[in-house]
Amino acid sequence: MTPAHPLPTPTIVTSPAALLALARRLESEPLIAVDTESNSLFAYREQVCLIQISTRDQDWLLDPLEVSNLEALASVFADPHIEKVFHAAEYDIMCLKRDYGFTFCNLFDTMFAARVLGLKSFGLGILLDQYFGIPVDKRYQRADWSLRPIPPDQMHYAQQDTHYLPALRDIILDLLRDADRLDEAREGFDLMAEVPAATRQFDPDGYWRIHAARDFTRRQMAILRELYLLREQLAEQRNRPPFKVITDEVLVAVVRTEPITAKELGAVPGMSYGQIERYGAKILQAVLLGQQSEMPNKPDRAPRVDPVTMARFDALHEWRKARAAERGVESDVIVPKECLWALARSAPTRVEDLSGIYGLGPWKLQHYGEALIQLLTTLNVGTDTTPVDQ
(Lines give C-alpha, C1' and ligand atoms only; values in the text may rest on other atoms or scores of the structure.)
Protein backbone atom coordinates (compact mmCIF):
# COMPACT_ATOMS: atom_id res chain seq x y z
CA MET A 1 0.00 0.00 0.00
CA THR A 2 1.39 3.43 -0.96
CA PRO A 3 1.26 5.97 1.92
CA ALA A 4 -1.14 8.87 1.34
CA HIS A 5 1.61 11.33 2.27
CA PRO A 6 4.95 10.05 0.93
CA LEU A 7 8.06 10.78 2.97
CA PRO A 8 11.68 10.80 1.84
CA THR A 9 13.30 7.40 2.09
CA PRO A 10 14.71 7.00 5.62
CA THR A 11 18.16 5.67 6.36
CA ILE A 12 17.86 2.28 8.06
CA VAL A 13 20.53 1.72 10.72
CA THR A 14 21.22 -1.98 11.36
CA SER A 15 25.01 -2.14 11.80
CA PRO A 16 27.65 -0.65 14.12
CA ALA A 17 29.21 1.17 11.16
CA ALA A 18 25.91 2.78 10.20
CA LEU A 19 25.31 3.74 13.84
CA LEU A 20 28.73 5.40 14.06
CA ALA A 21 28.02 7.34 10.85
CA LEU A 22 24.69 8.46 12.30
CA ALA A 23 26.28 9.60 15.55
CA ARG A 24 28.94 11.59 13.71
CA ARG A 25 26.29 13.28 11.59
CA LEU A 26 24.15 14.16 14.60
CA GLU A 27 27.08 15.65 16.53
CA SER A 28 27.04 18.64 14.18
CA GLU A 29 23.28 19.18 14.28
CA PRO A 30 21.74 21.94 16.42
CA LEU A 31 18.42 20.08 16.66
CA ILE A 32 17.21 16.51 16.33
CA ALA A 33 13.80 14.88 16.80
CA VAL A 34 13.56 11.57 18.64
CA ASP A 35 10.92 8.93 19.27
CA THR A 36 10.94 5.28 20.31
CA GLU A 37 8.75 2.23 19.86
CA SER A 38 8.69 -0.51 22.48
CA ASN A 39 6.96 -3.85 23.03
CA SER A 40 5.36 -3.37 26.44
CA LEU A 41 2.12 -5.07 25.36
CA PHE A 42 3.97 -8.16 24.20
CA ALA A 43 6.88 -8.81 26.60
CA TYR A 44 7.53 -9.30 30.30
CA ARG A 45 10.82 -7.44 29.92
CA GLU A 46 9.89 -4.44 27.82
CA GLN A 47 12.60 -3.07 25.57
CA VAL A 48 13.06 -0.33 23.04
CA CYS A 49 12.60 -1.96 19.62
CA LEU A 50 12.98 1.00 17.28
CA ILE A 51 14.44 4.49 17.59
CA GLN A 52 13.39 7.17 15.14
CA ILE A 53 15.64 10.19 14.68
CA SER A 54 15.14 13.13 12.34
CA THR A 55 16.96 16.31 11.51
CA ARG A 56 15.37 19.04 9.44
CA ASP A 57 16.33 17.25 6.22
CA GLN A 58 16.83 13.55 6.95
CA ASP A 59 15.21 10.65 8.84
CA TRP A 60 16.80 7.56 10.37
CA LEU A 61 15.20 4.38 11.71
CA LEU A 62 17.59 2.68 14.10
CA ASP A 63 17.04 -0.99 14.91
CA PRO A 64 18.39 -1.67 18.42
CA LEU A 65 17.56 -5.35 18.02
CA GLU A 66 20.29 -5.47 15.35
CA VAL A 67 22.67 -2.95 16.96
CA SER A 68 22.57 -3.55 20.70
CA ASN A 69 25.44 -1.27 21.75
CA LEU A 70 24.26 2.31 21.28
CA GLU A 71 27.03 3.99 23.24
CA ALA A 72 27.85 6.12 20.18
CA LEU A 73 24.64 8.09 20.78
CA ALA A 74 25.31 8.82 24.45
CA SER A 75 27.26 12.03 23.79
CA VAL A 76 24.58 13.26 21.37
CA PHE A 77 21.77 12.95 23.92
CA ALA A 78 23.91 14.49 26.66
CA ASP A 79 25.19 17.40 24.52
CA PRO A 80 23.71 20.69 25.80
CA HIS A 81 24.26 22.29 22.38
CA ILE A 82 21.95 19.83 20.60
CA GLU A 83 18.24 20.34 21.20
CA LYS A 84 16.33 17.07 21.43
CA VAL A 85 12.70 17.35 20.34
CA PHE A 86 10.20 14.75 21.56
CA HIS A 87 6.44 14.51 21.68
CA ALA A 88 5.46 13.15 25.12
CA ALA A 89 9.12 12.78 26.12
CA GLU A 90 8.82 11.28 29.57
CA TYR A 91 8.29 7.61 28.78
CA ASP A 92 10.70 7.60 25.84
CA ILE A 93 13.40 9.00 28.11
CA MET A 94 12.61 6.55 30.91
CA CYS A 95 12.93 3.63 28.47
CA LEU A 96 16.13 4.92 26.86
CA LYS A 97 17.66 5.41 30.31
CA ARG A 98 16.63 1.90 31.35
CA ASP A 99 17.97 0.15 28.26
CA TYR A 100 21.07 2.22 27.51
CA GLY A 101 21.87 4.43 30.51
CA PHE A 102 21.62 7.63 28.47
CA THR A 103 21.47 11.06 30.08
CA PHE A 104 19.59 13.95 28.53
CA CYS A 105 19.62 17.73 28.47
CA ASN A 106 18.25 20.52 26.30
CA LEU A 107 14.86 18.99 25.58
CA PHE A 108 11.82 20.37 23.83
CA ASP A 109 8.59 18.43 24.32
CA THR A 110 5.90 19.50 21.85
CA MET A 111 3.13 17.83 23.86
CA PHE A 112 4.05 19.47 27.16
CA ALA A 113 4.49 22.81 25.40
CA ALA A 114 1.02 22.46 23.90
CA ARG A 115 -0.38 21.80 27.37
CA VAL A 116 1.40 24.88 28.76
CA LEU A 117 -0.32 26.88 26.01
CA GLY A 118 -3.67 25.48 27.10
CA LEU A 119 -4.36 23.59 23.87
CA LYS A 120 -7.24 21.21 24.53
CA SER A 121 -6.09 18.60 22.01
CA PHE A 122 -2.38 17.86 22.08
CA GLY A 123 -1.93 14.33 20.72
CA LEU A 124 0.65 14.15 17.96
CA GLY A 125 -1.86 12.95 15.39
CA ILE A 126 -4.18 15.86 16.12
CA LEU A 127 -1.37 18.43 15.95
CA LEU A 128 0.01 17.02 12.69
CA ASP A 129 -3.45 17.16 11.17
CA GLN A 130 -4.07 20.66 12.52
CA TYR A 131 -0.82 22.26 11.39
CA PHE A 132 0.24 20.15 8.39
CA GLY A 133 -2.93 18.44 7.18
CA ILE A 134 -1.29 15.05 7.85
CA PRO A 135 -3.69 12.32 9.02
CA VAL A 136 -2.00 9.71 11.20
CA ASP A 137 -2.78 6.04 10.72
CA LYS A 138 -3.43 4.70 14.21
CA ARG A 139 -3.32 1.03 13.21
CA TYR A 140 0.18 0.59 14.59
CA GLN A 141 -0.16 2.27 17.98
CA ARG A 142 -0.49 -1.15 19.62
CA ALA A 143 1.78 -3.08 17.24
CA ASP A 144 4.44 -5.54 18.37
CA TRP A 145 7.57 -3.62 17.41
CA SER A 146 9.84 -6.55 18.23
CA LEU A 147 8.65 -8.50 15.18
CA ARG A 148 10.87 -8.52 12.13
CA PRO A 149 10.71 -7.61 9.34
CA ILE A 150 8.73 -4.43 10.05
CA PRO A 151 6.16 -3.92 7.26
CA PRO A 152 6.68 -0.85 5.04
CA ASP A 153 3.46 0.86 6.19
CA GLN A 154 4.52 0.40 9.81
CA MET A 155 7.97 1.87 9.02
CA HIS A 156 6.23 4.85 7.41
CA TYR A 157 4.14 5.31 10.57
CA ALA A 158 7.28 5.28 12.71
CA GLN A 159 9.13 7.71 10.44
CA GLN A 160 6.21 10.11 10.48
CA ASP A 161 6.44 10.38 14.27
CA THR A 162 9.69 12.36 14.02
CA HIS A 163 9.76 13.68 10.45
CA TYR A 164 7.45 16.62 11.22
CA LEU A 165 8.61 17.27 14.78
CA PRO A 166 11.23 19.95 13.97
CA ALA A 167 8.64 21.99 12.05
CA LEU A 168 6.01 21.41 14.76
CA ARG A 169 8.53 22.54 17.35
CA ASP A 170 9.05 25.79 15.43
CA ILE A 171 5.32 26.52 15.36
CA ILE A 172 4.85 25.80 19.05
CA LEU A 173 8.00 27.71 19.99
CA ASP A 174 6.54 30.82 18.32
CA LEU A 175 3.27 30.30 20.19
CA LEU A 176 5.14 30.01 23.49
CA ARG A 177 7.04 33.22 22.79
CA ASP A 178 3.87 35.07 21.80
CA ALA A 179 2.18 33.89 25.01
CA ASP A 180 5.27 34.66 27.14
CA ARG A 181 5.30 31.02 28.29
CA LEU A 182 8.67 29.83 26.99
CA ASP A 183 10.50 30.05 30.32
CA GLU A 184 7.69 28.15 32.03
CA ALA A 185 7.80 25.43 29.39
CA ARG A 186 11.59 25.12 29.62
CA GLU A 187 11.32 24.42 33.34
CA GLY A 188 9.06 21.51 32.49
CA PHE A 189 11.49 20.29 29.84
CA ASP A 190 14.31 20.33 32.40
CA LEU A 191 12.24 18.24 34.83
CA MET A 192 11.63 15.66 32.10
CA ALA A 193 15.35 15.27 31.52
CA GLU A 194 15.67 14.15 35.14
CA VAL A 195 12.99 11.44 35.17
CA PRO A 196 14.34 8.13 36.49
CA ALA A 197 14.88 5.09 34.32
CA ALA A 198 11.85 2.86 33.86
CA THR A 199 11.77 -0.16 36.14
CA ARG A 200 9.60 -3.23 36.45
CA GLN A 201 8.76 -3.93 40.06
CA PHE A 202 6.69 -6.94 40.99
CA ASP A 203 4.54 -6.62 44.10
CA PRO A 204 3.93 -10.09 45.59
CA ASP A 205 0.94 -8.65 47.46
CA GLY A 206 -0.56 -7.19 44.29
CA TYR A 207 -3.30 -9.81 44.20
CA TRP A 208 -5.06 -7.90 46.98
CA ARG A 209 -5.73 -5.15 44.44
CA ILE A 210 -7.66 -7.40 42.03
CA HIS A 211 -11.05 -5.78 42.23
CA ALA A 212 -13.12 -8.85 41.42
CA ALA A 213 -11.64 -10.63 44.49
CA ARG A 214 -12.77 -8.01 46.99
CA ASP A 215 -15.36 -10.36 48.51
CA PHE A 216 -13.09 -13.43 48.73
CA THR A 217 -12.54 -15.30 51.96
CA ARG A 218 -9.00 -15.55 53.33
CA ARG A 219 -8.82 -19.13 52.06
CA GLN A 220 -9.81 -17.99 48.59
CA MET A 221 -7.18 -15.25 48.83
CA ALA A 222 -4.59 -17.94 49.64
CA ILE A 223 -5.51 -19.73 46.40
CA LEU A 224 -5.45 -16.45 44.47
CA ARG A 225 -2.01 -15.69 45.91
CA GLU A 226 -0.58 -18.97 44.61
CA LEU A 227 -2.14 -18.45 41.19
CA TYR A 228 -0.90 -14.86 41.07
CA LEU A 229 2.66 -15.91 41.93
CA LEU A 230 2.52 -18.73 39.39
CA ARG A 231 1.34 -16.35 36.67
CA GLU A 232 4.27 -14.02 37.34
CA GLN A 233 6.70 -16.93 37.18
CA LEU A 234 5.24 -18.16 33.89
CA ALA A 235 5.21 -14.65 32.43
CA GLU A 236 8.87 -14.14 33.24
CA GLN A 237 9.82 -17.55 31.84
CA ARG A 238 7.96 -16.93 28.58
CA ASN A 239 8.78 -13.20 28.42
CA ARG A 240 5.11 -12.35 28.09
CA PRO A 241 3.07 -9.73 29.95
CA PRO A 242 1.24 -11.41 32.84
CA PHE A 243 -2.17 -10.46 31.41
CA LYS A 244 -1.30 -12.33 28.22
CA VAL A 245 -0.52 -15.49 30.20
CA ILE A 246 -3.72 -15.51 32.28
CA THR A 247 -6.01 -12.54 32.84
CA ASP A 248 -7.16 -11.40 36.27
CA GLU A 249 -10.68 -12.45 35.36
CA VAL A 250 -9.58 -16.03 34.69
CA LEU A 251 -7.55 -16.15 37.90
CA VAL A 252 -10.65 -15.11 39.83
CA ALA A 253 -12.77 -17.68 37.98
CA VAL A 254 -10.30 -20.44 38.91
CA VAL A 255 -10.48 -19.43 42.55
CA ARG A 256 -14.28 -19.45 42.51
CA THR A 257 -14.45 -22.96 41.02
CA GLU A 258 -11.35 -24.50 42.70
CA PRO A 259 -10.85 -27.19 40.01
CA ILE A 260 -8.99 -30.35 40.95
CA THR A 261 -8.95 -32.09 37.56
CA ALA A 262 -8.08 -31.03 34.02
CA LYS A 263 -11.70 -31.55 33.03
CA GLU A 264 -12.89 -29.17 35.76
CA LEU A 265 -10.22 -26.68 34.75
CA GLY A 266 -11.52 -26.81 31.19
CA ALA A 267 -14.94 -25.72 32.42
CA VAL A 268 -13.58 -22.54 34.03
CA PRO A 269 -14.96 -19.50 32.17
CA GLY A 270 -12.31 -17.90 29.99
CA MET A 271 -9.79 -20.73 30.31
CA SER A 272 -8.55 -21.63 26.84
CA TYR A 273 -7.40 -24.99 25.53
CA GLY A 274 -3.94 -23.57 24.93
CA GLN A 275 -3.67 -22.38 28.53
CA ILE A 276 -4.68 -25.82 29.80
CA GLU A 277 -2.11 -27.48 27.52
CA ARG A 278 0.70 -25.16 28.64
CA TYR A 279 -0.11 -24.44 32.26
CA GLY A 280 -2.90 -26.80 33.36
CA ALA A 281 -0.88 -29.03 35.70
CA LYS A 282 0.80 -26.06 37.37
CA ILE A 283 -2.50 -24.24 37.81
CA LEU A 284 -4.01 -27.27 39.54
CA GLN A 285 -0.92 -27.54 41.76
CA ALA A 286 -1.28 -23.86 42.68
CA VAL A 287 -4.93 -24.35 43.60
CA LEU A 288 -4.02 -27.31 45.83
CA LEU A 289 -1.19 -25.36 47.43
CA GLY A 290 -3.51 -22.46 48.17
CA GLN A 291 -6.04 -24.80 49.75
CA GLN A 292 -3.40 -26.13 52.11
CA SER A 293 -1.11 -23.18 52.80
CA GLU A 294 -1.28 -20.50 55.47
CA MET A 295 -4.01 -17.96 54.87
CA PRO A 296 -2.73 -14.44 54.18
CA ASN A 297 -3.54 -11.30 56.10
CA LYS A 298 -4.32 -8.16 54.16
CA PRO A 299 -1.27 -5.87 54.10
CA ASP A 300 -1.39 -2.77 56.25
CA ARG A 301 -2.37 0.35 54.41
CA ALA A 302 0.11 3.17 54.02
CA PRO A 303 0.21 5.34 57.16
CA ARG A 304 -2.53 7.92 57.20
CA VAL A 305 -1.49 11.49 56.62
CA ASP A 306 -1.99 13.57 59.76
CA PRO A 307 -4.95 15.98 59.63
CA VAL A 308 -2.86 19.16 59.57
CA THR A 309 -0.78 17.99 56.61
CA MET A 310 -3.92 16.77 54.85
CA ALA A 311 -5.60 20.13 55.36
CA ARG A 312 -2.59 21.88 53.85
CA PHE A 313 -2.60 19.54 50.87
CA ASP A 314 -6.32 20.03 50.27
CA ALA A 315 -5.93 23.82 50.37
CA LEU A 316 -2.94 23.69 48.02
CA HIS A 317 -4.87 21.38 45.71
CA GLU A 318 -7.77 23.85 45.55
CA TRP A 319 -5.33 26.73 44.94
CA ARG A 320 -3.76 24.81 42.05
CA LYS A 321 -7.17 23.96 40.62
CA ALA A 322 -8.21 27.64 40.71
CA ARG A 323 -4.97 28.80 39.07
CA ALA A 324 -5.35 26.19 36.36
CA ALA A 325 -8.92 27.31 35.66
CA GLU A 326 -7.73 30.92 35.37
CA ARG A 327 -5.03 29.86 32.91
CA GLY A 328 -7.17 27.41 30.98
CA VAL A 329 -4.68 24.59 31.51
CA GLU A 330 -4.67 21.26 33.31
CA SER A 331 -3.79 21.41 36.99
CA ASP A 332 -0.43 19.65 36.78
CA VAL A 333 0.83 22.35 34.39
CA ILE A 334 0.72 24.78 37.34
CA VAL A 335 2.79 22.58 39.68
CA PRO A 336 3.09 18.78 39.91
CA LYS A 337 1.25 16.88 42.61
CA GLU A 338 4.56 15.87 44.22
CA CYS A 339 5.23 19.54 44.78
CA LEU A 340 1.93 19.97 46.64
CA TRP A 341 2.78 17.10 48.98
CA ALA A 342 6.28 18.48 49.63
CA LEU A 343 4.78 21.86 50.52
CA ALA A 344 2.10 20.30 52.72
CA ARG A 345 4.66 18.28 54.66
CA SER A 346 7.36 20.90 55.08
CA ALA A 347 5.07 23.94 55.56
CA PRO A 348 7.65 26.57 54.53
CA THR A 349 7.15 30.08 55.85
CA ARG A 350 9.44 32.08 53.53
CA VAL A 351 9.81 32.24 49.78
CA GLU A 352 13.51 31.39 50.22
CA ASP A 353 12.44 28.09 51.77
CA LEU A 354 10.77 27.05 48.52
CA SER A 355 14.00 26.64 46.59
CA GLY A 356 14.89 23.00 46.16
CA ILE A 357 11.29 21.78 46.32
CA TYR A 358 10.57 19.50 43.36
CA GLY A 359 8.71 21.26 40.58
CA LEU A 360 9.41 24.81 41.73
CA GLY A 361 11.93 26.33 39.34
CA PRO A 362 12.76 30.03 39.01
CA TRP A 363 9.74 30.81 36.81
CA LYS A 364 7.26 29.14 39.14
CA LEU A 365 8.90 30.69 42.22
CA GLN A 366 8.59 34.12 40.66
CA HIS A 367 4.96 33.68 39.65
CA TYR A 368 3.59 31.48 42.44
CA GLY A 369 6.04 31.74 45.36
CA GLU A 370 4.42 34.61 47.25
CA ALA A 371 0.93 33.18 46.80
CA LEU A 372 2.03 29.78 48.10
CA ILE A 373 3.69 31.26 51.18
CA GLN A 374 0.67 33.45 51.86
CA LEU A 375 -1.63 30.43 51.65
CA LEU A 376 0.61 28.27 53.84
CA THR A 377 1.09 31.03 56.40
CA THR A 378 -2.66 31.40 56.74
CA LEU A 379 -3.00 27.66 57.21
CA ASN A 380 -0.11 27.51 59.66
CA VAL A 381 -1.64 30.00 62.09
CA GLY A 382 -2.41 28.14 65.27
CA THR A 383 -1.03 24.82 64.01
CA ASP A 384 2.12 22.83 64.57
CA THR A 385 4.23 23.20 61.44
CA THR A 386 6.74 20.51 62.31
CA PRO A 387 7.48 18.59 59.09
CA VAL A 388 5.71 15.23 58.90
CA ASP A 389 7.72 12.10 58.13
CA GLN A 390 6.10 10.12 55.35
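What the table shows:
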| read-out | value |
| --- | --- |
| Where a residue in region 264-292 is more than 21 Å from F216 (Cβ to Cβ) and hydroxyl-bearing (S, T, Y) and its partner, wherever it lies, is at pLDDT 95 or above and not in a helix (DSSP H, G or I), with Cβ under 8 Å and at least six apart | Y279/I246 |
| Boolean, F77 is in contact (Cβ under 8 Å) with a residue 24 or more places away in the chain, part of a loop (DSSP other than H, G, I, E, B) and either surrounded by 18 or more Cβ atoms within 10 Å (Cβ to Cβ) or polar (S, T, N, Q) (or both) | no |
| Qualifying positions in region 253-273 - within 34 Å of the chain's Cα centre (by Cα), assigned to a helix (DSSP H, G or I) and surrounded by 20 or more Cβ atoms within 10 Å (Cβ to Cβ) | V254, V255 |
| Matching option when the condition is closer than 30 Å to I246 by Cβ and open to solvent by 10 Å² or more (accessible area, probe 1.4 Å), among Q47, Q58 | Q47 |
| Qualifying position, being closer than 30 Å to Q201 by Cα and either of a type in the set (V, I, T) or open to solvent by less than 30 Å² (accessible area, probe 1.4 Å) (or both), among D63, D99 | D63 |
| Filter result for D59 (more than 18 Å from D161 (Cβ to Cβ) and either of a type in the set (D, E) or touching a Leu at 6+ places or on another chain (Cβ under 7 Å) (or both)) | no |
| Answer residue from region 116-156, given it is within 27 Å of T14 (Cβ to Cβ) and of a type in the set (S, T, Y) and is modelled with the highest pLDDT among those | S146 |
| Qualifying residue in region 101-109 (condition: part of a helix (DSSP H, G or I) and not β-branched (V, I, T)) | no |
| Helices (runs of 4 or more DSSP H) enclosed by region 181-248 - at least 2 residues per element that are open to solvent by 60 Å² or more (accessible area, probe 1.4 Å) and over 30 Å from S355 (Cα atoms) | 218-238, 242-245 |
| Residue list for region 100-128, filter: among the charged types (D, E, K, R) and either touching an Asp or Glu at 6+ places or on another chain (Cβ under 9 Å) or touching a residue at least 60 places away in the same chain (Cβ under 8 Å) (or both) | D109, R115 |
| Residues of region 84-96 satisfying the condition of being free of Cβ contacts under 8 Å to residues at least 60 places away in the same chain and either in a loop (DSSP other than H, G, I, E, B) or surrounded by fewer than 19 Cβ atoms within 10 Å (Cβ to Cβ) (or both) | A88 |
| Long-range neighbours under 6 Å by Cβ, at least six apart or interchain, first residue farther than 16 Å from L65 by Cα within region 5-34, second of a type in the set (A, V, I, L, M, F, W, C) and at pLDDT below 95 | H5/I134 |
| Count of region 1-45 residues which are among the basic types (K, R) and part of a helix (DSSP H, G or I) | 2 |
| Residue within region 154-171 that is more than 20 Å from E90 (Cβ to Cβ) and open to solvent by 60 Å² or more (accessible area, probe 1.4 Å) present | no |
| Residue match in region 275-284 (condition: open to solvent by 50 Å² or more (accessible area, probe 1.4 Å) and within 23 Å of S40 (Cα to Cα)) | yes |
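For every residue, the table says whether it meets (1) loosely packed, with under 11 Cβ neighbours inside 10 Å; (2) within 23 Å of the chain's Cα centre (by Cα).
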residue: K298; (1), (2): yes, no
residue: A302; (1), (2): yes, no
residue: P307; (1), (2): yes, no
residue: R312; (1), (2): no, no
residue: A315; (1), (2): no, no
residue: R323; (1), (2): no, no
residue: E338; (1), (2): no, yes
residue: L343; (1), (2): no, no
residue: S346; (1), (2): no, no
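The values are calculated or read from the model by the stated rules, or taken from the named source; none is laboratory data. Fair warning: this is a prediction, and the values are worked out from it, not measured in the lab. Cβ sites come from the backbone with ideal geometry, for glycine too, and all protein chains shown count toward neighbours. What goes into the accessible areas is simple: the full protein's heavy atoms, side chains included, and nothing from ligands, DNA or RNA. Shrake-Rupley method; radii C 1.70, N 1.55, O 1.52, S 1.80 Å.
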